[in-house]
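**Q** Below you'll find the structure I mean.
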Amino acid sequence: MNYRPLAPLRPLVVRELYSVHYFEYTGSYAFTGERHDFWELLYVDRGSLQVTAGERSLRLSRGQLIFHAPGEFHALSAVGVAPDLVVASFLCDGEAMEQFRGLVDFAGQEERALLGRMVAESGAAFSTPLGDPRTPRLERREGAPFGGEQLLCAALEELLIRLARRRSSPAPRRPAQPEGSPLFAQVADYLEGRLDQNLTLEQICQDNLAGRSQLQKLFHSRTGGGVMEYFHGRKLQAARRMIREGRMNFTQIAASLGFQSVHYFSRRFKAATGMSPSEYARSVRMLAELPGPEEGLSAKPDDRANNG
């Protein structure tokens, strides 16, 4: 048999990395803007942003991402709730990248998992703090896991490929324009600012002048679940953040998020994550979710354990 090799087609190859960040900004943060000769991807993990992208001014809410093409001026400012962002800057040339010029889209579950893998691999591969916006270059970490940089680039390339496939697919999908459905952004911000409260669906509808069925349908189309499911999910995501920060014990976290008791909080946390708060505090999963290798370790797991 005369075998003939085939060189795989690789239309999207990340050739250089400039930065991978996970920013936790304050509600008053504003960045005056810049332009550079490489691509930048920004994903809103929490809160809302007003983004300038060339001649456009866009409102982005949680779950949305935007690409800034090389040479495009871009700036941002927080809107209401303090935002958390994933930012990756990279060089990826070729015609296939042109489809990302000006792109604004929603990240689905698979895309969010890839973004999480990028942040985790970056924290392991580089000593550069993930939360420092003044980083001029990435510095390799001594003793970094084997192949970490390649896995990071592989996750970024897979993210690009999945987004490109979605754009070329004839299947219907959610609208990508950030100015669409201001009601979703309004209610999401409303809920984010009331994570310490026990809200009812009726109260949420009343305060936002929205019908019950209208709001449920909107949230199902955007998140795959109902309003209350989204609200409780945001509470538990905030709980994971507080555990990572290590500034409060479990009783304090439960109280700050409006849970009736630390025992009820622990049950809800385990139902959602598959582990108790104390198990999470000692887990590799928590370490992988840290915003940076030097952050979130101010208290030992045992210091946080309190009826969890």
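**Q** Please determine whether any residue of the range 209-227 is among the hydroxyl-bearing types (Ser, Thr, Tyr), more than 23 Å from ALA107 (Cα to Cα), surrounded by fewer than 15 Cβ atoms within 10 Å (Cβ to Cβ) and at pLDDT below 95.
**A** Yes, that holds for at least one residue.
**Q** When the range 1-30 is examined, which residues are found to be among the β-branched types (Val, Ile, Thr) and part of a loop (DSSP other than H, G, I, E, B)?
**A** Answer for the range 1-30, where residues must be among the β-branched types (Val, Ile, Thr) and part of a loop (DSSP other than H, G, I, E, B): VAL13, VAL14, THR26.
**Q** Follow-up question, since we're still on this one. Exactly one condition in (1) surrounded by fewer than 17 Cβ atoms within 10 Å (Cβ to Cβ); (2) more than 18 Å from PHE90 (Cβ to Cβ) is not met by ALA154; state its number.
**A** (2)
**Q** Taking the range 146-169, which residues are without any contact (Cβ under 8 Å) to a residue 24 or more places away in the chain and not aromatic (Phe, Trp, Tyr)? Full working, then the answer.
**A** So the first thing to find is which residues in the range 146-169 are without any contact (Cβ under 8 Å) to a residue 24 or more places away in the chain, and the list is 146-147, 150, 154, 165, 168-169.
The answer is GLY147, GLN150, ALA154, ARG165, SER168, SER169.
**Q** For residues in the range 54-84 being buried (at least 22 other Cβ atoms within 10 Å of the Cβ) and either closer than 16 Å to PRO133 by Cβ or small (Gly, Ala, Ser) (or both), which is modelled with the highest pLDDT?
**A** HIS68
**Q** Name every residue in the range 101-121 that is modelled with pLDDT of 90 or more, within 23 Å of PHE31 (Cα to Cα) and under 19 Å from the mean Cα position of the chain (by Cα), in order of residue number.
**A** Of everything in the range 101-121, those that are modelled with pLDDT of 90 or more, within 23 Å of PHE31 (Cα to Cα) and under 19 Å from the mean Cα position of the chain (by Cα) turn out to be LEU103, VAL104, ASP105, LEU115, VAL119.
**Q** Okay, moving on. If you check ARG167 against the conditions, is it out of contact with any strand residue (DSSP E or B) (no Cβ under 6 Å at 6 or more places or on another chain), on the phi < 0 side of the Ramachandran plot and part of a loop (DSSP other than H, G, I, E, B)?
**A** For ARG167, the condition - out of contact with any strand residue (DSSP E or B) (no Cβ under 6 Å at 6 or more places or on another chain), on the phi < 0 side of the Ramachandran plot and part of a loop (DSSP other than H, G, I, E, B) - is not met.
**Q** Hey, among the residues in the range 170-206 that are more than 19 Å from the chain's Cα centre (by Cα), of a type in the set (A, V, I, L, M, F, W, C) and outside any loop (DSSP other than H, G, I, E, B), which one's modelled with the lowest pLDDT?
**A** Filtering the range 170-206 for residues that are more than 19 Å from the chain's Cα centre (by Cα), of a type in the set (A, V, I, L, M, F, W, C) and outside any loop (DSSP other than H, G, I, E, B), the one modelled with the lowest pLDDT comes out as LEU183.
**Q** Residues to consider are TYR264, TYR280, TYR230; find the one that is surrounded by 16 or more Cβ atoms within 10 Å (Cβ to Cβ) and modelled with pLDDT of 90 or more. Spell out the reasoning first.
**A** Working: TYR264 fails: surrounded by 16 or more Cβ atoms within 10 Å (Cβ to Cβ); TYR280 fails: modelled with pLDDT of 90 or more.
Within the list TYR264, TYR280, TYR230, the selection yields TYR230.
The values are calculated or read from the model by the stated rules, or taken from the named source; none is laboratory data. All values derive from a computational prediction rather than experimental measurement. Neighbour counts run over all protein chains shown; Cβ positions are idealised from the backbone, glycine included.
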